[in-house]
Every structure is written in C-alpha cells, then in structure tokens.
Amino acid sequence: MHLKMVKLLLAGRLSYGAGERLQKTLSNHHHQHLSEPANTLVILEHKPVYTVGIRDKVYTVEEETKLKNLGAEFWRTNRGGLITFHGPGQLVAYPILDLKQFRTSVKWYVEQLERMIIHLCAEFGIKAETSPHTGVWVENRKICAIGIHGSRYITTHGLALNCNTDLTWFDHIVPCGIRGKGVTSISKELNVDINVNDVLPIFINIFRDQFECKLIEFPSDEASRILQDAIR
C-alpha cells in the first residue's frame, strides 16, 4: 500500500493569530503547489483565547470585552462550530491536508478525527465517544473540540484536546453553544497531571495509523522561516 507523506511541525506555544497565519501559509503551499509533499500536521498550544466559528453571530462587543478582560484574546474565525476556549495544557492539532489524496469527504475526515481521539482516550483508560454534537465526549463532558474548514478539499483548523487545561476558562462561556453539558480533560478524568508532552507521542502514532500516512520531520530551516513569519 502506498503511504501518503505528511510533514510534522511541532510549533510550540503560539498566539491564535500566529496560528492562523501559519495555517494560511501551509494551505497556500497546497493551493499554489509550492512544496511536495504539502500535507502537514501542525501541533501546538495556544496562549489563552476564546474563538467563535462562522455560525456564532451572538457575541456582542460587550461580551467580547468581558471575555478579553479575563486575560484572553477573542477571535472570530472561519471554522465550523460555536464558541470555545484554547489555552495552555491543550493539545491543538491543525492537519493541513489535501483530502483528494485521502478521501474527498469532509464528513469522513471529521469522523477520522473523532475516532482518533476516542482511540487515544482508550490508551489512557478513558471511555470516550461521539454524540449528536461534534467533538469527543466522556459521558456528557467534552474532552476534545473539533472545528474544521475546507477549501477545495484543503483542510485547516482541526481539534483541541484538553490534557491538563485550566477548565475554569470554560466557566465564562457556553462551550460550543451546548447548554447543560460540561468540559473535562485527560488529567481530570484520571485525577493525575497529564500534560501535552505526555500525550504527544501517543497522538502522533494514532494519527499515523488513522490516516495511513508516513510522518516525516518538517525541514528545520523551512520550519524556522515560516514560524518566524507567523509570529510577526
């Protein structure tokens, strides 16, 4: 079987704006055929930020200001889904993939992401599942948010898995617009501190298996250049 090639870019901790610029650069590599292979898995943590998706028109300037006063940024994005929080202790993965090389179905792609996180949780002894709402849940507590964007089958955005995230950030919003549901993390479920670096090697292996791809290290000189451009 011919394995697809995906470059792995460990981007560290970035502001949300830098993450957006990084995704734009990498998705342009696909659209403009700038590099081969152009598929990239970006893994990072974000500085505290509340983000809303394209369907979320309800947040007023006053509400936006209130959230910013907590010490977080606020961004309106082009991903699917409603409001969520990103911050330290959360493994954020942005697969920038050409689905024409995998399967031309956004539904299939989202299901792959969900299955991947369910498998990862099982590795930690946590029983996670899907629900009618997008994302991955432990009973009625969301452990992983998923919100993606597709343009001509090039994917951006992705998933955010709570490892040892400070969950009190979620107290100020209705996460993903779903009332009566909670949020959780790997650490909270196990009552043990599990950080992003603990989860990272397991995540990478499961991604490789789920997408039947070969992960190769992003060339360091190219990585330095595009990360510098994103941070500016």
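Out of the range 108-140, which residues are over 22 Å from Leu200 (Cα atoms) and either modelled with pLDDT of 95 or more or more than 17 Å from the chain's Cα centre (by Cα) (or both)?
Trp108, Ser131, Pro132, Glu139, Asn140
So in the range 122-136, with the set limited to residues that are surrounded by fewer than 23 Cβ atoms within 10 Å (Cβ to Cβ) and touching a strand residue (DSSP E or B) at 6+ places or on another chain (Cβ under 9 Å), which one is nearest to Thr40 (Cα to Cα)?
For the range 122-136, the residue satisfying everything is Thr134.
Taking the residues in the range 29-42 that are farther than 15 Å from Pro219 by Cβ and not in a helix (DSSP H, G or I) as candidates, determine which candidate is least open to solvent (accessible area, probe 1.4 Å).
Of the range 29-42, the ones farther than 15 Å from Pro219 by Cβ are 30-33.
Cutting the leftovers down to not in a helix (DSSP H, G or I) gives us 32-33.
Numbers: Gln32: 108, His33: 157 Å².
Going through the qualifying residues, I end up with Gln32.
Being at negative phi and among the charged types (D, E, K, R) is the filter here; which residues of the range 188-230 pass it?
Result: Lys188, Glu189, Asp193, Asp198, Arg208, Asp209, Lys214, Glu217, Asp221, Glu222, Arg225, Asp229.
In the list Leu91, Leu67, Leu26, Leu22, which residue meets the criterion of being farther than 15 Å from Thr156 by Cβ, open to solvent by less than 10 Å² (accessible area, probe 1.4 Å) and either of a type in the set (Lys, Arg) or in a helix (DSSP H, G or I) (or both)? Steps first, please.
Numbers: Leu91 fails: either of a type in the set (Lys, Arg) or in a helix (DSSP H, G or I) (or both); Leu26 fails: farther than 15 Å from Thr156 by Cβ; Leu22 fails: farther than 15 Å from Thr156 by Cβ.
Just one listed residue meets the conditions, Leu67.
Checking Arg13 against (1) over 21 Å from Leu159 (Cβ atoms); (2) open to solvent by 90 Å² or more (accessible area, probe 1.4 Å); (3) outside any helix (DSSP H, G or I); (4) in contact (Cβ under 8 Å) with a residue 40 or more places away in the chain: exactly one of these is not met. Which one?
Result: Arg13 passes all but (1).
The values are calculated or read from the model by the stated rules, or taken from the named source; none is laboratory data. Everything numeric in this text was worked out from a predicted model, so none of it was measured. All Cβ positions, glycine included, derive from the backbone under ideal geometry; neighbour counts span all protein chains shown. When the accessible area is computed, the model is the full protein with side chains, heavy atoms only, and any ligands, DNA or RNA have been set aside. Shrake-Rupley method; radii C 1.70, N 1.55, O 1.52, S 1.80 Å.
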